[in-house]
Amino acid sequence: MTRRRPLIAGNWKMHQTVASSGTLVVEILAAIPPQAYDEVDVVLCPPFTALAGVALAIEGTGLQLGAQNVSAFDWGPYTGQISAPMLLEFGTRYVIIGHSEVRTQCGETDAGCSAKLRAALQSGMTPILAVGETLAEHEGGLTRQIVGAQVRQAFEGVSAVDAERCVIAYEPIWAIGSGRSDTPEDAAAVIAEIRTLVPGLDRARCLYGGSMKPANAEALLAQPEIDGGLIGGASLDAAAFALLVNLARKAIATR
Ligand code: PGA
């Protein structure tokens, strides 16, 4: 099996001021042993306003920077939007696209995700495409259909070479922030199927997201299909986040 480099990404959502993000980064840097970065990609995705400060704070460390959204356009009359070239100014290497909160609260569509994905790829950043089903869809047995459509539409017109550079985060919506994560077996099965949908995705990294925390991460990361996590709540706690990085290291060591 191809060895994929594990990735632990912290999605801070709309948490942290410029000042408090500085404190959190210092705590995270102190909690993660520097050797961890040789084995695991560790990414922080703060709010846009904290990107500059976090970029400075992580300079010369192994931590990497991500953003929570990006415009499909590079420049122009797009009030309130932030483009890939703007994010690159801070050294942003990753960007979350299609998070369920953006889909539901901001009307993000699969076509919109596709345009953003291509913009991110063109800029050289690594898109983290978030996909997932609602509780009703889950209970109605529609998970594969819903997630399949999200993935296929987002990757419309994307080459296999580019698809391979992307990251997919499978995040069942009912698991996000709920304290109730998916079972490792179910999450791995959905991810295994995602890999078959688009040429190149068999080699792309696929994360699990949704109430991932130290207590359940070991079992989730033990699944060879799961290459890491997109972490919300637990990424705001330096000790918990560092534990997740360590569990990802351990998981690859045993594969
Ligand atoms: P959670 O969030 O870990 O708090 O469930 C994950 C996410 O929304 O990316």
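Surface listing: 134, 92, 196, 126 arranged by accessible area from highest to lowest gives 196, 134, 126, 92, probe 1.4 Å. Does region 60-136 come out rounded, prolate or oblate, given a ≥ b ≥ c as the square roots of the eigenvalues of its C-alpha gyration tensor, rounded meaning a/c under 1.5 and, failing that, prolate meaning a/b above b/c? Judged from the Cα gyration tensor, region 60-136 comes out oblate (a/c at least 1.5, b/c at or above a/b). The figure for residue 94 is an accessible area of roughly 10 square angstrom, using a 1.4 Å probe on the protein chains alone. Among 91, 148, 76, the largest mean-square fluctuation in a Gaussian network model of the chain (Cα springs under 10 Å) belongs to 76.
Expressed as a whole percent, the accessible area of region 1-59 that falls on carbon and sulfur atoms is 63 (1.4 Å probe). Computed over the alpha carbons of region 1-59, Rg followed by Dmax gives 12.7, 44 Å. Roughly how far apart, in whole Å, are the Cα centres of region 102-123 and region 23-71? Taking the Cα centre of each part, region 102-123 and region 23-71 sit 23 Å apart. In units of the rule-of-thumb radius 2.2 N^0.38 Å, region 99-211 shows an alpha carbon radius of gyration of 1.00.
Rounded to whole Å, give me the distance from the Cα center of region 200-223 to that of region 152-170. Answer, in whole Å: 18.
Using the Karplus relation 6.51 cos²θ - 1.76 cosθ + 1.60 with θ = phi - 60°, the per-residue 3J(HN,Hα) values for region 191-207 come to 5, 4, 6, 3, 5, 8, 7, 9, x, x, 5, 5, 9, 7, 7, 10, 9 Hz, with x marking Gly and Pro.
A cut-off of 5 Å between modelled amide H atoms, ignoring neighbours fewer than 5 places along the same chain, links residue 95 with 67, 126, 128. Prolate is the label for region 1-124. Its Cα gyration tensor axes, ordered a ≥ b ≥ c, give a/c of at least 1.5 and a/b above b/c. Taking amide hydrogens as placed 1.01 Å from N in the peptide plane, the amide H of residue 178 sits under 5 Å from those of 211, each at least 5 positions away in sequence or on another chain. Phi-derived couplings, Karplus 6.51 cos²θ - 1.76 cosθ + 1.60 at θ = phi - 60°, listed residue by residue for region 106-116: 10, x, 4, 10, 5, 5, x, 4, 4, 5, 5 Hz, with x used for Gly and Pro.
Full extension of the chain between residue 52 and residue 23 gives 9.0 nm of extra length, using 0.36 nm per residue less the Cα-Cα distance. Farthest toward the positive end of the dipole of the chain, out of 61, 43, 179, is the Cα of 61, where the dipole comes from beta carbon charges about the Cα centre. For the chain, the convex hull spanned by the alpha carbon atoms encloses 115 Å³ per residue.
Extension gain, residue 159-residue 39: 0.36 nm per intervening residue step, less the Cα-Cα distance, totals 40.4 nm.
Applied to region 226-238, the Karplus parametrisation 6.51 cos²θ - 1.76 cosθ + 1.60 on θ = phi - 60° returns per-residue 3J(HN,Hα) values of 9, 9, x, x, 9, 10, x, x, 5, 7, 8, 10, 4 Hz, with x for Gly and Pro. If only the Cβ of Lys and Arg carry +1 and only the Cβ of Asp and Glu carry -1, the dipole of region 1-59 around its Cα centre is close to 240 debye. Cross-link reach is defined here as a Cα-Cα straight distance under 20 Å, omitting same-chain residues fewer than 8 places apart; for residue 213 the lysines meeting it are 13, 250. The residues of the chain expose, per residue, 43 Å² of accessible area to a 1.4 Å probe.
The values are calculated or read from the model by the stated rules, or taken from the named source; none is laboratory data. Not measured: the values here are computed from a predicted model. Reconstructed Cβ throughout: ideal geometry from the backbone, glycine too, with neighbour counts over all protein chains shown. Please note that ligands, DNA and RNA were not included when accessible areas were found on the heavy atoms of the full protein model with its side chains. Shrake-Rupley method; radii C 1.70, N 1.55, O 1.52, S 1.80 Å.
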